[in-house]
Number of protein chains: 2
Amino acid sequence: MSTVYMTATSVDGFIADENNSLDWLFTADGGEAESEAEDHIATAGAILMGAGTYEWITTHEDVEKWPYTAPTWVLTHRELSRIEGDIRFTAADTDEELHALHRKMVESADGRDVWLVGGGGIAADLARLGLLDVVDVSLAPVTLGAGAPLLAGRVGLRPVKVSLAGDFACLRYEVVKG
Amino acid sequence: MSTVYMTATSVDGFIADENNSLDWLFTADGGEAESEAEDHIATAGAILMGAGTYEWITTHEDVEKWPYTAPTWVLTHRELSRIEGDIRFTAADTDEELHALHRKMVESADGRDVWLVGGGGIAADLARLGLLDVVDVSLAPVTLGAGAPLLAGRVGLRPVKVSLAGDFACLRYEVVKG
């Protein structure tokens, strides 16, 4: 099993624009990549995200219940509105706490992958602790110039696969460790 | 002929790191892409760059004379040290001046491409004025978390080609205009 950071980004590396909007993402032609991504996320054994990503999904997507069946941990210090689904609000302020949370997620995933779906600060922390194995980014065909960073740190990568799906460039990397 | 922004960047969209260093770029395996890029730049009819890129080349590369035969315009407000070659220091502070410079470069290129090789502010200005046709980026296998931006603005793109050269993901886009 692997811990995978799976996200969409602009060509210049932003996962949301300056106004925290993803309109640039959903106007692009994802070809069959979108439905594949939806199928794909069903294979995740556990999902991790930041409060920003959680709030984006619950306020922008037309969801009455949580779209994922895998248990989802949301890193937050705030009270977030709850919707139906297996959602676990938590905080991990120290490296030890993040290690412990990751261990718990790996156990819960029971051999399947652990997915981080946003954001860039958590990805950088996981990579720094040696807990991130794969970075899988789909580049929407746009530059934004500013916004929320893909990955807030220096991480060496090794390309595994490069392909085009609709107008998205899909890049899969292994994280170089040690 | 096209006006092409041709550059290398990190996966998260930085063309230089926070210390204005490119060490992360030159330690990566570019496969045959590097020598191809050198051959390729010989086909450019005119080259444009900012002062930062010029200073990087003249101070970091082991050059006694300018490596390019095409006339090179360097946008700068400062006195820069000169080395042997067809180098033209200039400034373009208004849209009209940038339009005029671009016209002059197109004439000089005489049917060949005009290349912008850095940086991201000039690329954004050219795109805003409808003067940029192609963005050709080679992604080095690393994230940096901070640095000089690939393209300092919002520009719609259409993918033309995606490939892997050594450890670099090579992405070529047409700029969507109008």
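Data for the structure
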quantity: Pseudo-label separations to other copies for A:K161 - Cα-to-Cβ vector, 7 Å, nm; calculated: 2.3
quantity: Simple spin-label estimate for A:T59 and B:A100 in nanometres, 7 Å along Cα-Cβ; calculated: 4.8
quantity: Accessible area of segment B:3-175 belonging to carbon and sulfur atoms, whole % at 1.4 Å probe; calculated: 46
quantity: Positions from segment B:138-153 whose accessible area shrinks by 50 Å² or more when the full protein complex is built, not the chain alone, probe 1.4 Å; calculated: B:P141, B:T143
quantity: Using a 7 Å Cα-to-Cβ projection, A:S2 label spacings across copies, nm, ascending; calculated: 3.1
quantity: Computed helical MRE - 222 nm, chain B, DSSP H runs ≥ 4 contributing -39500 (n - 2.57), nearest 500; calculated: -7500 deg cm²/dmol
quantity: Inter-copy spacing of B:A100 label points, which lie 7 Å from Cα along Cα→Cβ, given in nm from shortest upward; calculated: 6.7
quantity: Those lysines that a straight Cα-Cα span of less than 22 Å connects to B:K177, excepting residues fewer than 8 apart in one chain; calculated: B:K104, B:K161
quantity: Percentage relative contact order, chain B, counting C-alpha pairs under 8 Å, at least six apart; calculated: 36
quantity: The protein assembly as shown: mean projected area of Cα convex hull, nm²; calculated: 18.6
quantity: Most to least accessible of A:E107, A:E97 (protein chains only, probe 1.4 Å); calculated: A:E107, A:E97
quantity: DSSP bridge orientation in segment A:3-175 - percent antiparallel, rounded to nearest 5; calculated: 40
quantity: A:S2-B:T76 pseudo-label distance in nm [points 7 Å out on the Cα-to-Cβ vector]; calculated: 4.5
quantity: Shape metrics for chain B, restricted to C-alpha atoms - Rg then Dmax, Å; calculated: 15.4, 43
quantity: Fully extended contour minus Cα-Cα distance, from A:F26 to A:R158, at 0.36 nm per residue; calculated: 44.7 nm
quantity: Segment B:139-178: Rg to Rh, with Rh as the Kirkwood radius over Cα pairs; calculated: 1.02
quantity: Rg/Rh ratio calculated on Cα atoms of segment B:96-178 (Kirkwood radius); calculated: 0.99
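The values are calculated or read from the model by the stated rules, or taken from the named source; none is laboratory data. Just so it is clear, the model here is predicted, and its values are computed rather than measured. Because the Cβ atoms are built from the backbone with ideal geometry, glycine has one as well, and the counts that use them run over all protein chains shown. Just so you know, the surface numbers come from the protein's heavy atoms only, side chains and all, with ligands and any DNA or RNA stripped out. Shrake-Rupley method; radii C 1.70, N 1.55, O 1.52, S 1.80 Å.
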